[in-house]
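What follows is a set of notes on a single structure, which appears directly below.
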Amino acid sequence: MPGAGDGQPVSADFFDVARRQRACRGFRPDPVDDDTLARLLETATRAPSAENTQPWVFVVVRHPERRAAIGALTARAWDQGGRAHSEGRLAPALLEDVERGAIGGVADAPVLVVVCGDARLTVAAALGPSVYPAVQNLLLAATAVGLGSALTTLPLVFGSELAALVELPEGVTPFAVVPLGWPARVYGPSRRRPLSDTAFREVYGAPWAGAGGL
């Protein structure tokens with residue numbers, strides 16, 4: 001299997017997978033087979049949803065011209081506000097990586113999954129909260145088999161054009177584009193703020209660590 005033995009081990013341990021999952025914005029051209037994609041998509045559908053309505057829709061895009069068109073939307077969104085929004089907020093190395101992905105790296109992935117929500121299946125307020133857990137499952141499943149992935153929302157700036165590219169019917173709305181492919185380089189573990197900054201006991205501000213804590 002591509003990805004195995006090239007510095008990114010395949011692991012079925014959930015906690016290890018969750019710690020290794022991170023945004024990948026550079027991909028090798030090697031194809032991703034249908035069986036692997038089906039496994040990832042089926043795992044995505046195991047996510048929770050409001051009233052078990054399962055309003056997610058996955059459009060798997062492999063065609064080079066269609067991927068390029070989605071990439072062009074991403075680059076246009078970056079040029080028309082994305083870069084200005086991120087400059088000064090992101091560290092220089094991260095900004096450079098995000099820009100590489102926005103102007104071509106994401107579109108270079110051999111597979112783009114346009115993740116959508118079907119408003120005909122649930123109320124509007126529950127649509128996003130039902131779709132995004134499926135996106136997270138997709139990202140984790142990709143990491144588990146050694147694939148790179150990312151949650152990309154820049155193309156949604158031109159949501160109607162994205163919807164037209166993949167011929168979405170009325171009532172089905174794109175929520176994310178997830179590139180999938182074998183990573184072009186080895187990624188280290190993700191960096192996160194310490195739990196002491198983000199978890200509290202009983203009320204905000206009360207330290208999680210201490211008596212009964214970790």
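Every number in this text was worked out from the coordinates using simple rules, so none of it is lab data. Keep in mind that this is a model prediction, so the values were computed, not measured. We place every Cβ from the backbone using ideal geometry, glycine too, and count neighbours over all the protein chains shown.
Build a GNM of the chain with springs between Cα atoms under 10 Å apart, and of Val59, Val131, Val106 the one that fluctuates most is Val59.
In deg cm²/dmol and to the nearest 500, what is the mean residue ellipticity at 222 nm of the chain if only DSSP H runs of at least 4 residues count, each as -39500 (n - 2.57), divided by the residue total?
Theoretical 222 nm ellipticity from helices: -10500 deg cm²/dmol.
Taking the three principal axes of the alpha carbon atoms in region 120-214, the coordinate ranges are 56, 40, 22 Å, sorted in descending order. Taking other C-beta atoms within 10 Å as the exposure proxy, Arg25, Arg83, Arg193 rank Arg193, Arg83, Arg25 from fewest upward. For Arg201, the residues whose amide H sits under 5 Å from its own are Ala206, Trp208, ignoring neighbours fewer than 5 places away on the same chain, with H placed 1.01 Å from N.
Using a/c under 1.5 as the rounded threshold, could you call region 14-187 rounded, prolate or oblate? The axes a ≥ b ≥ c are square roots of the C-alpha gyration tensor eigenvalues, and prolate needs a/b larger than b/c, oblate otherwise.
Working: a/c = 1.45, a/b = 1.17, b/c = 1.24.
Verdict is rounded for region 14-187.
Between Ala93, Ala72, Ala184, the residue with the greatest mean-square fluctuation in the GNM of the chain (Cα pairs under 10 Å linked by springs) is Ala93. Using a cutoff of 8 angstrom between alpha carbon atoms and counting only pairs six or more residues apart, the relative contact order for region 14-187 works out to 38 percent.
For the chain, complete DSSP H runs whose alpha carbons reach 24 Å or more along their own long axis and whose mean Kyte-Doolittle score is -0.5 or higher are 124-144. The amide H of Val111, built 1.01 Å from its N in the peptide plane, has Leu180 as neighbours under 5 Å, considering only residues 5 or more places off or on other chains.
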